[in-house]
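**Student:** I'd like to ask you about the structure that follows.
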Amino acid sequence: MKKNVIIFVVVAIAVIVLDQLTKAAIVARFSLHESRPVMDGFFNLVYVLNPGAAFGFLATMSETFRYIFFTGITAVVIVLILYYVMKSKPQHILMVLSLSLIFSGAVGNLIDRVRFGAVVDFLDVYIRT
């Protein structure tokens with residue numbers, strides 16, 4: 001097996017497990033929409049279920065549309081990432097690491113959509129208010 005594939009798989013599994021563990025900790029310890037400051041005026045932990053994408057994109061569309069759309073997009077992304085990793089050259093380790101992180105995020109969000117019908121978000125970074 002290619003070195004890049006092994007690195008990709010190890011990093012992806014580790015990040016997916018960490019993603020799901022941190023989300024499980026938030027779900028278990030926070031009420032929905034509860035916010036706890038970590039660094040006042042800059043960073044909070046907040047339990048939110050995001051039915052859309054980044055910044056609530058498509059959140060107002062029907063649940064069926066969102067499920068089909070986001071599941072389809074995620075499947076395409078996963079296939080493309082796996083293709084690029086399989087075709088990557090040994091010297092492209094940074095690309096493989098980057099793709100493993102994107103892949104892990106996509107898979108983690110897909111797991112959330114299947115489990116909760118939305119993505120668990122909990123990092124709230126802001127400046128002052």
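**Student:** Among (1) closer than 30 Å to Leu97 by Cα; (2) in contact with a helix residue (DSSP H, G or I) (Cβ under 8 Å, 6 or more places away or on another chain), which single condition is Val38 missing?
**Tutor:** Single failed check for Val38: (2).
**Student:** Could you run through the range 64-84 and say how many residues are under 17 Å from the mean Cα position of the chain (by Cα) and either open to solvent by 90 Å² or more (accessible area, probe 1.4 Å) or of a type outside the set (A, V, I, L, M, F, W, C) (or both)?
**Tutor:** The number of residues fulfilling the criteria is 6.
**Student:** While we're looking at this one, here's another question. Does the range 44-62 include one or more residues that are open to solvent by 40 Å² or more (accessible area, probe 1.4 Å) and either in contact with an Asp or Glu (Cβ under 6 Å, 6 or more places away or on another chain) or modelled with pLDDT of 95 or more (or both)?
**Tutor:** yes
**Student:** So Asn44 fits all but one of (1) assigned to a loop (DSSP other than H, G, I, E, B); (2) in contact with a strand residue (DSSP E or B) (Cβ under 8 Å, 6 or more places away or on another chain); what number is the exception?
**Tutor:** Exception for Asn44: condition (1).
**Student:** Taking the range 78-129 only, how many residues are closer than 30 Å to Pro37 by Cα and of a type in the set (A, V, I, L, M, F, W, C)?
**Tutor:** The total comes to 16.
**Student:** Still on this structure, please answer the following. Assuming Lys89 fulfils every condition listed in (1) loosely packed, with under 14 Cβ neighbours inside 10 Å; (2) in a helix (DSSP H, G or I) apart from one, which condition is it?
**Tutor:** Unmet condition: (2).
**Student:** Which numbered condition trips up Thr60, out of (1) of a type in the set (Val, Ile, Thr); (2) over 14 Å from the mean Cα position of the chain (by Cα); (3) not in a loop (DSSP other than H, G, I, E, B)?
**Tutor:** Answer for Thr60: the failing condition is (3).
The values are calculated or read from the model by the stated rules, or taken from the named source; none is laboratory data. Quick caveat: nothing in here was measured; it's all calculated off a predicted structure. Virtual Cβ from ideal backbone geometry, glycine too; neighbours counted across all protein chains shown. Surface areas here come from the heavy atoms of the whole protein model, side chains and all, with no ligands, DNA or RNA. Shrake-Rupley method; radii C 1.70, N 1.55, O 1.52, S 1.80 Å.
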